[in-house]
Amino acid sequence: MLKYSAKRIVTMIPLLFVISIIAFLFVHFIPGDPARIIAGNDATLEEIESIQEKYGLTDPLYKQYGSFMSNLLQGDLGTSIVSGRPVIDMIKERFIPTLTLTLASMFWALLFGLLIGVIAAVKRNKWQDHLSMFLAVSGVSIPSFWLGLVLIQVFSVQLGWFPTGGIDGIQSYILPSITLGAGVAAIIARFTRSSVMDVLKEDYIRTGRAKGISEIKVVNGHGLRNALIPVVTMAGLQFGFLLSGSIITETIFSWPGLGRLLINSITARDYPVIQAEILLFSLEFLLINLLVDLLYGFLNPKIRYGEGT
């Protein structure tokens, strides 16, 4: 297991290098000059050129990329062109709000997704199954921006139960986490239903039922654990999407997280912040995939990590 983990971590290095090139080129191909945006509409040409010289924006792209990588290897993500603050400090401030919102969304998405999926599989072709799949399809189909606005209108504006945005206590997490996690809960429910139904057809399940073991023990003790393996894979990927895909939700609820920071940075053409966030989101995906692979061994001890894996 240790050798497998080390091998996977080493293979992440060239991948991150490629991602750094893509991120660098992406931000520099965005239309607009950050120096002109910072200087303002009334700035003179000399003022704009002064800002470009200050941040090295007139240097060739290969030189700018070399400087970016040199600083990155020393743990320096650069300085924001707009605020003048170290990028790593800005990301530290925004990371915790995004992480807590993602964990809250993932918690209830797993809770309700697994519950709905298992009920739908056990009660296949009954009204519970049809109701569960109706909810799952609705959760996938409803756009998060529409759901967020409806929740704000009903529960914040009309009923006054929750704040409309920002972080103001634990009640601030409820509406954003529902908005962010609705689609994930629906996907988990559908995956769980399919996976549990496949497992319930296995011979050892029929053997357990023939021995007179109760249906609850058969499902929970023998079926659910094996059915969770593909669900864990999908849930891990969804966690990565939640962590990096909360841009719309954070914007709707004025949430001071990484997604909102990314939107503001793209608007202002703040190159260092955009590059750092893209790299951070990519690294999160890679680490989550590694964690999911390692969880296989816990859920199914028969899985071994050999040289060929």
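The values are calculated or read from the model by the stated rules, or taken from the named source; none is laboratory data. In this text, all values refer to a predicted model and were calculated from it rather than measured experimentally. Cβ sites come from the backbone with ideal geometry, for glycine too, and all protein chains shown count toward neighbours. We work out accessible area using only protein heavy atoms, side chains counted, and drop any ligands, DNA or RNA first. Shrake-Rupley method; radii C 1.70, N 1.55, O 1.52, S 1.80 Å.
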The condition of being of a type in the set (V, I, T) and surrounded by fewer than 21 Cβ atoms within 10 Å (Cβ to Cβ) holds, among T233, T192, only for T233
What are the residue pairs meeting all of these: first residue in segment 162-178, first residue free of Cβ contacts under 8 Å to residues at least 60 places away in the same chain, second residue in a helix (DSSP H, G or I) and among the hydrophobic types (A, V, I, L, M, F, W, C), Cβ atoms under 8 Å, and 6 or more apart or on different chains? F162/F155; F162/I174; F162/L175
When the residues of segment 130-144 are filtered to those that are touching a helix residue (DSSP H, G or I) at 6+ places or on another chain (Cβ under 9 Å) and without any contact (Cβ under 8 Å) to a residue 40 or more places away in the chain, which remaining residue is most open to solvent (accessible area, probe 1.4 Å)? H130
Given the structure, is G181 over 21 Å from V122 (Cα atoms) and of a type outside the set (A, V, I, L, M, F, W, C)? yes
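Hey, could you check segment 167-179 for residues that are open to solvent by less than 20 Å² (accessible area, probe 1.4 Å) and touching a helix residue (DSSP H, G or I) at 6+ places or on another chain (Cβ under 9 Å) and say which is nearest to S132 (Cα to Cα)? Working first, answer last.
Kept after step one, since they are open to solvent by less than 20 Å² (accessible area, probe 1.4 Å), are these residues of segment 167-179: 172, 175-177, 179.
Now narrow it down to the ones that are touching a helix residue (DSSP H, G or I) at 6+ places or on another chain (Cβ under 9 Å): 175-177, 179.
Working: L175: 22, P176: 23, S177: 20, T179: 19 Å.
Step by step, filter segment 167-179, then rank; the result is T179.
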Residues (open to solvent by less than 70 Å² (accessible area, probe 1.4 Å) and farther than 20 Å from A23 by Cα) located in segment 53-88: S83, G84
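Could you please let me know if L147 is part of a helix (DSSP H, G or I), open to solvent by 40 Å² or more (accessible area, probe 1.4 Å) and not basic (K, R)?
On the way: part of a helix (DSSP H, G or I): yes; open to solvent by 40 Å² or more (accessible area, probe 1.4 Å): no; not basic (K, R): yes.
Taking the combined requirement at face value, the residue does not satisfy it.
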Find the helices (runs of 4 or more DSSP H) located wholly in segment 18-121 whose residues include 1 or more that are in contact (Cβ under 8 Å) with a residue 60 or more places away in the chain and among the β-branched types (V, I, T), and list them. 34-39
